Amino acid sequence: MTGWTGQAYLLADAIREPGFACAAVNASAWCARVDPEATRGLVGAALALTSGDAGKALWSAADPCPDDATLLASAAELEGAVAELLEHARGMAATCREALEAAYAAAAAAQAAIAAAQAQLASAGNARAAAAAESALGAAQAALSAAQAQIADCEAALEILDETVTRLAHALNCLRKVPGDLESTYEEPYAHIRDGGKLPYEGEFLTGTAAA
(Lines give C-alpha, C1' and ligand atoms only; values in the text may rest on other atoms or scores of the structure.)
Protein backbone atom coordinates (compact mmCIF):
# COMPACT_ATOMS: atom_id res chain seq x y z
CA MET A 1 0.00 0.00 0.00
CA THR A 2 1.96 2.99 -1.29
CA GLY A 3 1.44 6.18 -3.23
CA TRP A 4 -1.91 7.95 -3.26
CA THR A 5 -3.86 4.99 -1.92
CA GLY A 6 -1.60 4.72 1.09
CA GLN A 7 -1.96 8.42 1.85
CA ALA A 8 -5.72 8.17 1.50
CA TYR A 9 -5.91 5.28 3.94
CA LEU A 10 -3.78 7.19 6.45
CA LEU A 11 -6.09 10.20 6.24
CA ALA A 12 -9.21 8.04 6.55
CA ASP A 13 -7.71 6.55 9.69
CA ALA A 14 -6.68 9.95 11.07
CA ILE A 15 -10.24 11.28 11.15
CA ARG A 16 -11.20 8.60 13.65
CA GLU A 17 -9.30 10.39 16.42
CA PRO A 18 -11.51 13.50 16.48
CA GLY A 19 -14.48 11.19 16.09
CA PHE A 20 -13.71 9.41 19.34
CA ALA A 21 -12.94 12.80 20.90
CA CYS A 22 -16.47 13.90 19.98
CA ALA A 23 -17.80 10.76 21.65
CA ALA A 24 -15.78 11.52 24.78
CA VAL A 25 -17.14 15.07 25.00
CA ASN A 26 -20.64 13.73 24.51
CA ALA A 27 -20.15 11.12 27.24
CA SER A 28 -18.95 13.85 29.59
CA ALA A 29 -22.04 15.93 28.79
CA TRP A 30 -24.40 13.03 29.30
CA CYS A 31 -22.73 12.23 32.63
CA ALA A 32 -23.59 15.81 33.59
CA ARG A 33 -27.21 14.93 32.66
CA VAL A 34 -27.25 17.24 29.65
CA ASP A 35 -30.31 16.65 27.49
CA PRO A 36 -29.28 14.46 24.49
CA GLU A 37 -31.08 16.90 22.21
CA ALA A 38 -28.33 19.41 22.99
CA THR A 39 -25.53 17.07 21.90
CA ARG A 40 -26.97 15.68 18.68
CA GLY A 41 -24.17 17.36 16.75
CA LEU A 42 -21.49 15.61 18.80
CA VAL A 43 -23.22 12.27 18.31
CA GLY A 44 -23.55 12.78 14.57
CA ALA A 45 -19.92 13.83 14.20
CA ALA A 46 -18.65 10.94 16.31
CA LEU A 47 -20.56 8.36 14.28
CA ALA A 48 -19.64 9.91 10.92
CA LEU A 49 -15.93 10.14 11.65
CA THR A 50 -15.64 6.60 13.02
CA SER A 51 -18.11 4.88 10.70
CA GLY A 52 -20.24 4.13 13.74
CA ASP A 53 -17.44 2.58 15.79
CA ALA A 54 -17.71 5.26 18.49
CA GLY A 55 -21.27 4.25 19.34
CA LYS A 56 -20.46 2.62 22.67
CA ALA A 57 -18.12 5.46 23.65
CA LEU A 58 -21.00 7.94 23.52
CA TRP A 59 -22.23 6.85 26.94
CA SER A 60 -18.97 5.73 28.54
CA ALA A 61 -18.30 6.64 32.14
CA ALA A 62 -16.62 10.05 32.25
CA ASP A 63 -16.10 13.06 34.47
CA PRO A 64 -19.23 15.20 34.16
CA CYS A 65 -18.80 18.28 32.00
CA PRO A 66 -18.67 21.17 34.51
CA ASP A 67 -20.62 23.76 32.52
CA ASP A 68 -21.94 24.82 29.14
CA ALA A 69 -18.90 27.00 28.43
CA THR A 70 -16.66 23.96 28.67
CA LEU A 71 -18.93 21.98 26.38
CA LEU A 72 -19.04 24.76 23.80
CA ALA A 73 -15.28 25.28 23.96
CA SER A 74 -14.66 21.57 23.42
CA ALA A 75 -17.09 21.47 20.51
CA ALA A 76 -15.47 24.54 18.95
CA GLU A 77 -12.02 22.99 19.26
CA LEU A 78 -13.25 19.82 17.58
CA GLU A 79 -14.95 21.89 14.89
CA GLY A 80 -11.64 23.59 14.14
CA ALA A 81 -9.79 20.28 13.95
CA VAL A 82 -12.37 18.76 11.63
CA ALA A 83 -12.35 21.87 9.43
CA GLU A 84 -8.57 21.57 9.05
CA LEU A 85 -8.86 17.90 8.16
CA LEU A 86 -11.59 18.67 5.63
CA GLU A 87 -9.46 21.34 3.96
CA HIS A 88 -6.54 18.91 3.85
CA ALA A 89 -8.69 16.12 2.44
CA ARG A 90 -10.15 18.35 -0.27
CA GLY A 91 -6.69 19.56 -1.21
CA MET A 92 -5.37 16.01 -1.38
CA ALA A 93 -8.31 14.92 -3.52
CA ALA A 94 -7.78 17.84 -5.91
CA THR A 95 -4.08 17.06 -6.28
CA CYS A 96 -4.85 13.38 -6.75
CA ARG A 97 -7.29 14.22 -9.54
CA GLU A 98 -4.59 16.29 -11.22
CA ALA A 99 -2.24 13.31 -10.98
CA LEU A 100 -4.95 11.10 -12.44
CA GLU A 101 -5.46 13.42 -15.41
CA ALA A 102 -1.70 13.49 -15.98
CA ALA A 103 -1.61 9.69 -15.85
CA TYR A 104 -4.43 9.48 -18.40
CA ALA A 105 -2.45 11.78 -20.69
CA ALA A 106 0.73 9.77 -20.14
CA ALA A 107 -1.11 6.54 -20.96
CA ALA A 108 -2.48 8.02 -24.17
CA ALA A 109 0.97 9.25 -25.17
CA ALA A 110 2.48 5.85 -24.39
CA GLN A 111 -0.16 4.07 -26.46
CA ALA A 112 0.60 6.37 -29.39
CA ALA A 113 4.32 5.71 -28.94
CA ILE A 114 3.69 1.95 -28.90
CA ALA A 115 1.74 2.16 -32.15
CA ALA A 116 4.51 4.23 -33.75
CA ALA A 117 7.23 1.86 -32.56
CA GLN A 118 5.29 -1.16 -33.82
CA ALA A 119 4.93 0.52 -37.21
CA GLN A 120 8.65 1.29 -37.29
CA LEU A 121 9.45 -2.28 -36.36
CA ALA A 122 7.23 -3.63 -39.11
CA SER A 123 8.90 -1.42 -41.71
CA ALA A 124 12.46 -1.74 -40.45
CA GLY A 125 14.79 -2.39 -43.37
CA ASN A 126 17.79 -3.55 -41.38
CA ALA A 127 18.82 -4.94 -38.01
CA ARG A 128 19.86 -1.54 -36.66
CA ALA A 129 16.49 0.01 -37.45
CA ALA A 130 14.70 -2.99 -35.98
CA ALA A 131 16.74 -2.77 -32.77
CA ALA A 132 15.95 0.94 -32.42
CA ALA A 133 12.26 0.25 -32.95
CA GLU A 134 12.30 -2.55 -30.37
CA SER A 135 14.02 -0.26 -27.88
CA ALA A 136 11.44 2.44 -28.46
CA LEU A 137 8.65 -0.13 -28.13
CA GLY A 138 10.00 -1.39 -24.82
CA ALA A 139 10.29 2.13 -23.43
CA ALA A 140 6.75 2.97 -24.53
CA GLN A 141 5.36 -0.23 -23.00
CA ALA A 142 7.14 0.55 -19.72
CA ALA A 143 5.70 4.06 -19.77
CA LEU A 144 2.21 2.67 -20.37
CA SER A 145 2.59 0.22 -17.51
CA ALA A 146 3.69 3.02 -15.16
CA ALA A 147 0.81 5.24 -16.27
CA GLN A 148 -1.71 2.43 -15.77
CA ALA A 149 -0.35 1.77 -12.29
CA GLN A 150 -0.71 5.46 -11.47
CA ILE A 151 -4.25 5.49 -12.80
CA ALA A 152 -5.20 2.50 -10.67
CA ASP A 153 -3.57 4.07 -7.62
CA CYS A 154 -5.31 7.42 -8.09
CA GLU A 155 -8.70 5.90 -8.79
CA ALA A 156 -8.52 3.73 -5.66
CA ALA A 157 -7.34 6.70 -3.60
CA LEU A 158 -10.12 8.96 -4.85
CA GLU A 159 -12.77 6.48 -3.76
CA ILE A 160 -11.37 6.69 -0.24
CA LEU A 161 -10.77 10.44 -0.34
CA ASP A 162 -14.22 11.28 -1.66
CA GLU A 163 -15.83 9.23 1.10
CA THR A 164 -13.54 10.84 3.67
CA VAL A 165 -14.43 14.32 2.45
CA THR A 166 -18.13 13.47 2.68
CA ARG A 167 -17.76 12.18 6.24
CA LEU A 168 -15.70 15.19 7.32
CA ALA A 169 -18.15 17.64 5.75
CA HIS A 170 -21.07 15.96 7.51
CA ALA A 171 -19.22 15.93 10.82
CA LEU A 172 -18.31 19.60 10.47
CA ASN A 173 -21.93 20.48 9.76
CA CYS A 174 -22.97 18.51 12.86
CA LEU A 175 -20.45 20.27 15.10
CA ARG A 176 -21.52 23.68 13.86
CA LYS A 177 -25.01 22.93 15.15
CA VAL A 178 -23.93 22.28 18.74
CA PRO A 179 -24.26 25.89 19.99
CA GLY A 180 -27.69 26.27 18.41
CA ASP A 181 -28.88 22.91 19.70
CA LEU A 182 -27.74 23.77 23.21
CA GLU A 183 -29.43 27.15 23.04
CA SER A 184 -32.71 25.78 21.72
CA THR A 185 -32.78 22.86 24.17
CA TYR A 186 -32.32 25.17 27.14
CA GLU A 187 -34.05 28.21 25.63
CA GLU A 188 -36.15 29.06 28.67
CA PRO A 189 -33.44 28.77 31.34
CA TYR A 190 -31.00 30.73 29.14
CA ALA A 191 -33.61 33.48 28.76
CA HIS A 192 -34.10 33.42 32.51
CA ILE A 193 -30.35 33.83 33.07
CA ARG A 194 -30.08 36.65 30.54
CA ASP A 195 -32.88 38.47 32.37
CA GLY A 196 -30.81 38.32 35.54
CA GLY A 197 -32.53 35.33 37.04
CA LYS A 198 -30.90 32.56 39.06
CA LEU A 199 -31.19 28.84 38.55
CA PRO A 200 -31.42 26.27 41.34
CA TYR A 201 -28.64 23.79 42.01
CA GLU A 202 -29.79 21.57 39.15
CA GLY A 203 -29.05 24.45 36.77
CA GLU A 204 -25.37 24.47 37.69
CA PHE A 205 -24.35 23.16 34.26
CA LEU A 206 -25.72 26.29 32.56
CA THR A 207 -24.26 28.80 34.99
CA GLY A 208 -21.07 27.17 36.24
CA THR A 209 -22.11 27.93 39.82
CA ALA A 210 -24.99 26.89 42.01
CA ALA A 211 -27.45 29.59 42.99
CA ALA A 212 -27.38 30.56 46.65
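The values are calculated or read from the model by the stated rules, or taken from the named source; none is laboratory data. Model, not experiment: these values are computed from the prediction. In this analysis, Cβ positions are derived from the backbone assuming ideal geometry, glycine residues included, and neighbour counts consider all displayed protein chains.
List of remarks:
- Of the residues contained in segment 155-167, one or more are found to be crowded, with 16+ Cβ neighbours inside 10 Å and over 23 Å from GLY19 (Cα atoms).
- Some residue of segment 161-178 being over 30 Å from LEU71 (Cβ atoms), charged (D, E, K, R) and at pLDDT 95 or above: yes
- Filtering segment 176-207 to residues that are under 25 Å from LEU86 (Cβ atoms) and without any contact (Cβ under 8 Å) to a residue 12 or more places away in the chain leaves GLY180, GLU183.
- Any hit, segment 91-110, residues being of a type in the set (Lys, Arg) and more than 30 Å from ALA140 (Cβ to Cβ): no
- Look at segment 115-138: where a residue is touching a residue at least 12 places away in the same chain (Cβ under 8 Å) and a partner is part of a loop (DSSP other than H, G, I, E, B), sitting 6+ places away or on another chain with Cβ atoms under 7 Å, you get ALA133/ALA124.
Quick grid of which residues meet (1) at pLDDT 95 or above; (2) in a helix (DSSP H, G or I); (3) among the aliphatic types (A, V, I, L, M); (4) exposed (fewer than 14 other Cβ atoms within 10 Å of the Cβ):
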| residue | (1), (2), (3), (4) |
| --- | --- |
| ALA83 | yes, yes, yes, no |
| ALA108 | yes, yes, yes, yes |
| ALA143 | yes, yes, yes, no |
| GLN148 | yes, yes, no, no |
